[in-house]
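A.B. asks: Take this structure first; my questions come after.
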Amino acid sequence: AQRVTQPEKLLSVFKGAPVELKCNYSYSGSPELFWYVQYSRQRLQLLLRHISRESIKGFTADLNKGETSFHLKKPFAQEEDSAMYYCALSGHGGSQGNLIFGKGTKLSVKP
Amino acid sequence: GAGVSQSPSNKVTEKGKDVELRCDPISGHTALYWYRQSLGQGLEFLIYFQGNSAPDKSGLPSDRFSAERTGGSVSTLTIQRTQQEDSAVYLCASSLAVKGGAFFGQGTRLTVV
């Protein structure tokens, strides 16, 4: 069964500190992994896709198949990064294409 | 429109009444998802439509919940005999391809009193 685990409900860091939001997954095949972000009073939006290996707003995430992890990292957190972050997993389309989310981690960046 | 649109934005209903929530996906998107977002519960998957395939209904919490997607476009989520525990934000999303990620609507906040 597909499952996404985000062990931290809340993560609080000071501005300029490194941040890592953890995500572990369970899936029998090769999944597609995503990070979504929801800023206060805004709709949920896509932040990163593992397949594109991109850096968005200074965030990166590497898929580690051995550890079944897809942790989100940023070397220097900014106050505007404060938001809810959701890790999500999907199969490869068709009936496998469902998108399953973790319970989310609330990131609070303090000045 | 350019994005996923949901209506109404807010809905207050009395316990026991039926409600219908509407989702207009991005034109051309073949996949459509419904989720429920409650405080402390994250995004709870409800139902997933993909093209002409049978929908994945495995997330629907009870038989009071049902959803349709007409003509491969607009979707309606229906909750019959609403209960107070149905109060939540209901989110709809659509996607063109799995690898591109999904685009979300602004949600419908349902309050059952």
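A.B. asks: Where in the stretch B:1-40 are there strands (runs of 3 or more DSSP E), lying wholly inside it, with at least 1 residues that are at pLDDT below 95?
C.D. replies: Per the criteria, B:31-38.
A.B. asks: Then there's this: Give me a count of the residues in the stretch A:1-51 that are part of a strand (DSSP E or B) and away from chain B (no Cβ under 12 Å).
C.D. replies: So the count comes out to 10.
A.B. asks: Out of the residues in the stretch A:52-83 that are within 14 Å of chain B (Cβ to nearest Cβ) and surrounded by fewer than 17 Cβ atoms within 10 Å (Cβ to Cβ), which is farthest from A:LYS15 (Cα to Cα)?
C.D. replies: A:SER52
A.B. asks: Next up: Residues of the stretch B:69-113 being within 11 Å of chain A (Cβ to nearest Cβ), in a strand (DSSP E or B) and surrounded by fewer than 21 Cβ atoms within 10 Å (Cβ to Cβ), which ones?
C.D. replies: B:VAL89, B:PHE103
A.B. asks: Is it the case that the stretch B:25-37 has a residue that's over 25 Å from A:VAL37 (Cβ atoms) and among the basic types (Lys, Arg)?
C.D. replies: The answer is no, given that none of the residues of the stretch B:25-37 is over 25 Å from A:VAL37 (Cβ atoms) and among the basic types (Lys, Arg).
The values are calculated or read from the model by the stated rules, or taken from the named source; none is laboratory data. Everything numeric in this text was worked out from a predicted model, so none of it was measured. Quick reminder, even Gly has a Cβ in these numbers, built from the backbone with ideal geometry, and neighbours come from all protein chains shown.
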